[in-house]
Structures are given as C-alpha cells and as structure tokens.
C-alpha cells in the first residue's frame, strides 16, 4: 500500500510540469491569441517545414477544419464547446490534445498527452481490484480524470474534487435519458418488493415446485424459475435460492449445484431479456457511446441486433440443461454432488464451517405472514410490464410510411419500428402501469393496507440505490473518458495493428478481466462501452469497410461487452451476484466459486471460439449457436461423470 501511494505522488508531481500556454503538436505550434471565454483565436505555425502554404486539414472540436496556410501560418477563429474544451489533432495523428481552461474572461491552454486518457479507467479498475469497492474506485477514477483536465496544477487537485460533483455527476443526472433509466430502475425495484411481499412470487414458485418430483426434475424446475424471473438478477437469486433450497435439500442436491443454477441463470437471462433492470443501463451506455458516431439506429435496435452474437449467456443456459438431463458433472462440482447423494450432506461439513446463514436483510422480500400465496399477484404485473413495453415500443415507433413500404419485409418493418421508438418512454409507462396493477391486486386481496404497500414500495426503491449510485458514477466516468479522448487513444494504438474482425474477441476477454477484477458487470459495461464502441467504428472505417460491413462487427462488440462482463462476473469471488447466490442458497461462498469456475471457463472458451468464427466465416449465426451447443454437449459427455439419482422415502 505504501508503494502504491509513493507511485501516485510521483505521478502527481510529474504531471504538474505539463502546464503551458503554447504547445507543439507534431510539427505545428499552437498559440491562443485572444482572451474571450466565448470565442477562441488560435494561431497555428508550422515548424517543419517552416514556410508551408496551402490548405491543410485539422481536427478541431472533433470536426474537420480546413485551414489556409500562408508562409507557415494559419488562424482559426471559432466558439468554444459548451464545456470549454478544444481538441486539436493535425491529420488525425496521435500525440496530444489541447484543453482550454476558463477563469472569468481569461483562458489558458494546457497540453495533455493522449496516453494519460487511459489513467481514469485504469485507476478505477486497479483500485477496485485492491480494495474490492466499486463506488470509491469509480469516484477516484473520475477525480483523476478531472485533475488531468484541470491542468495538472496543485490547486487542481482540490478544484477537480469539486468538478467531479458540480460538473460530471450533476451532468450525469441532468441528462433526460439518464433520469429515465434511474426512474425505471427505481420503479422496477419497488415492483419487485410489492409482488414479493404480497405472496405473488412465492405463489408462482409454489406452482412450479409441484413438478419437482425427482433430483433431475427439481434441478429443471430451478432452471425454469431462473429463466422465468428474468426481469431482475437480484430478485432471481433471492427468490429462487431461498424458495428452492428446501426442495433441493430433500432430493440431496448439493448447495453448490443449487448456487450454480441460481447464479448462472440470473445474470444471463437478465442480460438478454428485453425488459429487465439491466436494459435501462445497457441502453444508456450504448446511447452515450454512439451519440457522436452518427449512427442513425437507436440504442434499442442495436441491443436487439446484438443478441444474434450473445453466445455466452445463451450457451450458459443450454449448458445447465445438459448437466441436468445427462445426469453428469465434472471437477469440484462432481465431488460436491457425490457427497450430497451418498451421505446426505448437501454442504461441506468437513472443516467445521457450519451452514452459512442467509443475511437477515433478505427477509424483507419474504411474503407477509399468514397470507395466501396467489400466483396471479405476481404474474399479472409482470405481464403488464412485458406487454406494456411491447405496446409502448410500437406506439412510439409507429410510422405509416414504414408499414406501407412494400419493399420492406415484416422483419424489416418490425426492426424499423423498434429502431425508431422511444424505449425509455415505453419502459417507464409499462413499469408505472405494473406498479399500479400490483397495488390494486394487493389492496383488493386485503393483503396489506395502503400504508404498508407504500412502505414496501419505498423499501424496494432502497434496494436499487447501490446499483443507481454505480450507474451515475459510471456515466460520469464515461463522460471523463470522452473529454480525455480515451477512445481516440485506443484507436491510435489499435489502428493498423488489430483487424476489425478480431475486436469482438479482444473485447470479450477484456470485459471478462475487468468484471473479474471489479466484481461488477455494470461497472464493466460503463468502462468499456464508451471506449470500445467508438474505437470499433473508427478502426473499421479506417480499413475501408462499408457501413454494411461494419455493423455486424459493431453488433458483435456490443454483445461481447455484456457477455464478457457476465462471464467475468461468474468467475469473480467478489461479484455481488455470486455472493448473493451463495447466501440465498446457504452455500459456502468459496465452495460456490470453486465449483462454478470450471463450468464458466468451459462455456467462456466455446463462446470466444464461436464469436471469433462468426466474424471469420460469413454464414448465418444460428449455425455457430448449433456448433457451440454441440461442443458443450461433447464437453459434458467426455468430461462429465454420472451422478446417481436419489428418491426420498
């Protein structure tokens, strides 16, 4: 820790010496002439060669500007951005950019090397790995970025702290789409709490539990519940783990296997279903990343098209079915299952660790004591969310010209409608409608008073606050990386070095490493989406690919960020969903990680292979899903060992 502090101090001292008013970019010297905070006059002088003439193209404020040189000099006059920030590159060469700082009516120019743009996300990742705390790590990463942008001065250390709050976090909250995501997440949290407390979720589980009459069927019912409760991964783990544990214990299914099924259905289904607590965050990240690229396709349409490349989430769900119906396991999981079936010890008692107890904070999701558990109290509100979102998408995206276009097929029309819809409005309308429905069902059934319902709703809002805090800080970090042009830095490094067709593979591995280090899929998406999507677009364009050729790569990369994040989350011992699955299943956490890791690595390897091949061989993606499924079947058949069935007396 002391060594880390020394390194940070050295970096800070080193950075102080970069402040200057006249800076050289490649072979050009840039001087700021006027002192107006609203307009800037830049004098650009050629140094090599000193007396060039004619027109030369510069990138200023991320736009191409044609400057006319005469005897080695040219002048640019123009307004500053809303954020006082001039980004200058000559002929798109890597190196540095210049940032304009305004204090009153005075402005100064600071040279910032582009390589420093990678520092904020690196700081966030490294600190999360060291301290196992995502919120603090994200905040410090934003602070580091603000310090770099504020000119590397000692005074900037303190002023940048305030900039984090009054500029980046405030701007993250001031964005309309961001507020829509926050509100939707809060509403879903409140809905989950109500339908859990009124016994609706327990009623759905009880209905399905009737089919659990053997070890194999019990595991399959657990899988069905994991898929059915698709709208929130936290609700999934808490409800399925706690409810199915007595049933799985009865059939001598190990707690490790229960935790694995719970964990490996929760995040994958929440990641690919189109109405979940994840979808708002995903759309927000994608929108932020693609805003400056000129892509006309909406974030929702990009997400839907990316599902064609979601190998890891889909193959994980199929892999679990192979393990269940083939009656096989391998590695540490096979040992756990054999222990449970032969001795009846559903958890490991050998080290005197005892049975882990479920955290008391989870009890707030338990149904109200003494009530009847009616399945429709949960199913009806859930259907309102699902169907309401679909109706909202069609309503906001309806375009008569599209439906009357004979050249478009049904799928083309459907894609155009969804692509032109207001997904945020649809999600908000459906979620508030579902909450009203849940409240009416609860009051109509005399389950809780209105006061109790609203208290439960408030409790549900509180459960979403940690995720929302991560989300807001992640947006702020994304804004910092945008101002520092981190995507340009990555593009400069990868351009000419990495083929666009290999970017999805690299993205999946990188997302997995970040999620493993931070234990958070959301922070992984927040860090990577603003970086990798613009880089993918620019690199692909630089190689001469057309938009039609770029989009499949873009869809694949969009999917790989999410899929890689889920993969790393499954492997990480500090993952919130991994820990929650252990607690809800009353399984020792390290035992859960140890038994799940070989399975996650197996599916991860096949997913990387299929994702890479889908870029290299131009055949329909369904073929690669079939090949991946066959490979996982063979893996279970070859590596797996039979686990005996157990029927209770």
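Every number in this text was worked out from the coordinates using simple rules, so none of it is lab data. Please read these numbers as outputs of a predicted model, since none were measured by experiment. Don't worry about glycine lacking a Cβ; one is built from the backbone with ideal geometry, like all the others, and counts go over all protein chains shown.
Extension gain residue 213-residue 616, at 0.36 nm per residue separation less the Cα-Cα distance, in nm? Could the numbers behind the result be given before it?
On the way: separation 403, 0.36 × 403 = 145.08 nm, distance 4.59 nm.
That pair, residue 213 and residue 616, stretches by 140.5 nm at full extension.
Among 262-270, 248-256, 119-127, how do they line up by average Cβ neighbours within 10 Å per residue, starting with the highest?
On the way: 262-270: 28.1, 248-256: 23.4, 119-127: 21.6.
So the order, starting with the most tightly packed, is 262-270, 248-256, 119-127.
Given 0.36 nm per residue, what is the gain on full extension from residue 440 to residue 627 after removing their alpha carbon distance, in nm? Please report the intermediate quantities before stating the final value.
Details: separation 187, 0.36 × 187 = 67.32 nm, distance 4.80 nm.
Gain in length upon complete extension: 62.5 nm.
What distance in nm lies between label points placed 7 Å from Cα along the C-beta direction at residue 450 and residue 641?
My value for the distance between the label points is 6.3 nm.
On a full-extension model of 0.36 nm per residue, what is the gain between residue 206 and residue 250, subtracting their alpha-carbon distance, rounded to one decimal in nm?
14.3 nm
For the pair residue 171/residue 338, report the inter-label distance in nm, with labels modelled 7 Å from Cα in the Cβ direction.
In this crude label model, residue 171 to residue 338 measures out at 5.9 nm.
Sort 369-382, 498-511 for me by packing, meaning the mean count of neighbouring Cβ atoms within 10 Å per residue, highest on top.
Listed from highest to lowest mean packing, they are 498-511, 369-382.
At a 10 angstrom cut-off on C-beta neighbours, averaged per residue, how do the peptides 154-163, 176-185, 328-337 rank from highest to lowest?
Descending mean neighbour count gives 328-337, 176-185, 154-163.
Specify whether the C-alpha gyration tensor of the range 424-476 places it in the rounded, prolate or oblate class, a ≥ b ≥ c being the square roots of the eigenvalues: rounded for a/c under 1.5, otherwise prolate if a/b is larger than b/c and oblate if not.
Because a/c hits 1.5 or more and a/b fails to exceed b/c, the range 424-476 counts as oblate.
For the range 532-649, what does the alpha-carbon gyration tensor say about shape, rounded, prolate or oblate, given a ≥ b ≥ c as the root eigenvalues, a/c under 1.5 as rounded, and a/b over b/c as prolate?
oblate
Would you mind computing, in nm to one decimal, how far apart the modelled labels at residue 390 and residue 161 are, each placed 7 Å from Cα along Cα→Cβ?
5.3
Sort 233, 175, 483, 576 by Cβ crowding within 10 Å, fewest neighbours at the top.
Going from least to most buried by this count: 175, 576, 483, 233.
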